[in-house]
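To start, the structure itself, in structure tokens.
The values are calculated or read from the model by the stated rules, or taken from the named source; none is laboratory data. Computed from a predicted structure; not experimentally measured. No Cβ is skipped: glycine too gets one built from the backbone with ideal geometry, and neighbour counts run over all protein chains shown. Note: areas computed on protein heavy atoms with side chains; ligands, DNA, RNA excluded. Shrake-Rupley method; radii C 1.70, N 1.55, O 1.52, S 1.80 Å.
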Amino acid sequence: MPDADELDRMKTAYQDRVRTLSDAVFQRERELAILAQVASRVHGENEVQAILDIALDEILERMDLKTAWIFMGTDEERKLTLAASRGVAQRYMQEIRTEGLGECLCPEVFWSGHRMQARNTTQCPRMPDIVEGLSAPVAHACIPLRFDKGTSGVLNVAARPGQLFTEDELRFLETLGHQIGLAVERARHLQSERVRNQEARAMAAVSKAIGGTLDVQAVIRAVAETARDLVGADRAVILIGDRPESIRVGHVAGEAHPDFVPGRTLDLIAAGSRLIPTAIRERQVYNVADWSSDPRVNAALAERWKIRSGLVVPLAAREHLLGLLLLSCAEDHRWTEDAVEVAEALAAQASVALENARLFEEARQAYQDLREAQERSLRSEKMAVLGTFASGLAHEVRNPLNSIALQLSILDRRIARCEPAVGKEMTELSGVIRDEVKRLDGLVGDFLLFSRADRIQYQSADLEQLIDEVVHLLRPEARAARVTIRRQQAGHPIPPARMDGEKMKQVVMNLLRNAVEAMPEGGVVTLESGLVDGRARLVVRDTGPGLPPEIDVFQLFVTTKPKGTGLGLSIVQQIVLQHGGDIVAAASEPGQGACFTVTLPVQPVSEAQTEARS
């Protein structure tokens, strides 16, 4: 039978064992409570940052600790960033944001995936800087965290001053780290699913918006706005064209910039851009996280454009480069593979829509050109037939008119010998006949002009001088009709060019005389001339009653004057078309006056040709 001392020792051992088991049970219950609380709080939480904050709060509160922090990064970047922290010194936080992690044990844990424990400050040279208000050496545990898609992290928990974490505590922290990893992965999967659903809805909306339209502006606007929203860019710019020295800004979504104005043409070569011309030349997607240091980018231009990170995606379809999609952020930003895929998908949709619009525009223009060619051909044939008919008719009619005029002269001399009463009546009848003969003779003259309108004799002529001559010639006639003629310059002076001077003088005279005759009560006629967009332009504007909107004044025998022949403006149009130009009668409301605009190509004549013709 054991003696009293032996019984006391057994009793003491038993009590120690009970206390140890009680402490272990208490510790396990506390750990289970922490795990349960963390699991309960993160359940249904979809934000990674919120999950990390919840985990740190529970660890510190339940374990009666003060400081914990989590670093996260990706295998691809091999760079750690501070993801969450509690009790970390502000100075240290600012330092790692600006200078990076520096010398630390965490990278070894991060890349190796093995648990390490800092037993004293010498093993972690940064501990005096990390823990807020540290007055004594402390140890801290480094627990590796593994997530999906090559993402890793390190959970750091600072121990109490003068203490170390036990093996049980480290295993518990590993279990908790595993739970954090699972919660983060679930949140990321849910977030990725939401993003995918959002992208699918956005892509469907874009497809619906641009699928049935051939409006280029509507297409690029929808793509730019959607791309900016989906990938989280500060600015989305669509550039139209395949030549970096002359590329047009199609649309800008997000942050405005004076260089990116819709409709403006940019010379990227002169501006010093390197990356965008390379993307145009190689038709390749460029994902550049740091435009300030990447050698492929002009850093000064990137700073001017406020681009810190950018994504350049070509718009190409059927071997045609149609433009570029430029997505950018003013701050550091790394575009994920998902973001790049979304941008490429949008660019592909935009390319197809733009290509369809381009092909439709080419087909429409080809049809329009063919139609205009057919109309010109029909008009030419019609004019040729009418010209031949008019020429023959004019000659046939003019001979009897000359005979009538001669007989009227003889009749006037005989009337002069009649009695005054009879002579006066006969003179009035003779005057009526003479007026009608003059009107018919004028009509015959118009027919002759019409028949010769296509006979162009090119030579060097000064259009400005021709206009001044016509104004000087018709000013007395206009003054008698109480019409003021104003001569104005619009654009640069028109240089001497290759044209039929007499025919163009006839054009100016017809337009000016029509304007004067359109204002029997008086008014103002303004003649503007000048070189605009490389073409000679003449504008004749009056303050008369205007043009009826329902008639084409250039059609043969169409006139707004009571005694007009309807040939004058047809002759003018024919002469202008023969010179390769165009004439437009501006639509005007009644009482707002009429406006005719003539544009002509300027074909300079060399001095040698001019001298030869002289």
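Some observations on this one:
- Global form of segment 474-516, assessed from the alpha-carbon gyration tensor, a/c cut-off 1.5: oblate
- Surrounding net charge for Ile410, when Lys and Arg each add one and Asp and Glu each subtract one, Cβ distance under 15 Å: +3
- Spacing of the modelled spin labels on Ala218 and Arg304, each 7 Å from Cα toward Cβ, amounts to 3.7 nm.
- For segment 215-281, a/c is not less than 1.5, where a ≥ b ≥ c are the root eigenvalues of the C-alpha gyration tensor, and a/b tops b/c. That puts it in the prolate class.
- If the segment from His492 to Ala416 were pulled out straight at 0.36 nm per residue, it would be longer than the present Cα-Cα gap by 21.4 nm.
- Computed FRET value (nearest 0.05) for Glu381 with Thr597, which takes r as the C-beta separation and R₀ as 30 Å: 0.65
- With each label modelled as a point 7 angstrom along the Cα→C-beta vector, the Arg19-Arg371 pair spans 10.3 nm.
- Modelled this way, with points 7 Å down the Cα-to-C-beta line, the labels at Thr278 and Asp332 are 2.2 nm from one another.
- Residues in segment 282-302 reached by a label modelled at Glu344 [backbone nitrogen below 17 Å; 7 Å Cα→Cβ]: 282-289
- Contour minus Cα-Cα distance for Ser293 and Arg9 (0.36 nm per residue): 94.9 nm
- Net charge, Val602 excluded, C-beta distance under 13 Å - Lys, Arg +1, Asp, Glu -1: 0
- Cα gyration tensor shape for segment 295-349, rounded if a/c is under 1.5, else prolate or oblate: oblate
- Stretching Arg91 away from Asp57 to a fully extended chain increases their span by 10.1 nm, per 0.36 nm per residue minus the current alpha-carbon distance.
- Put Leu145, Leu378, Leu182 in order of accessible area, highest first, and with a 1.4 Å probe you get Leu378, Leu182, Leu145.
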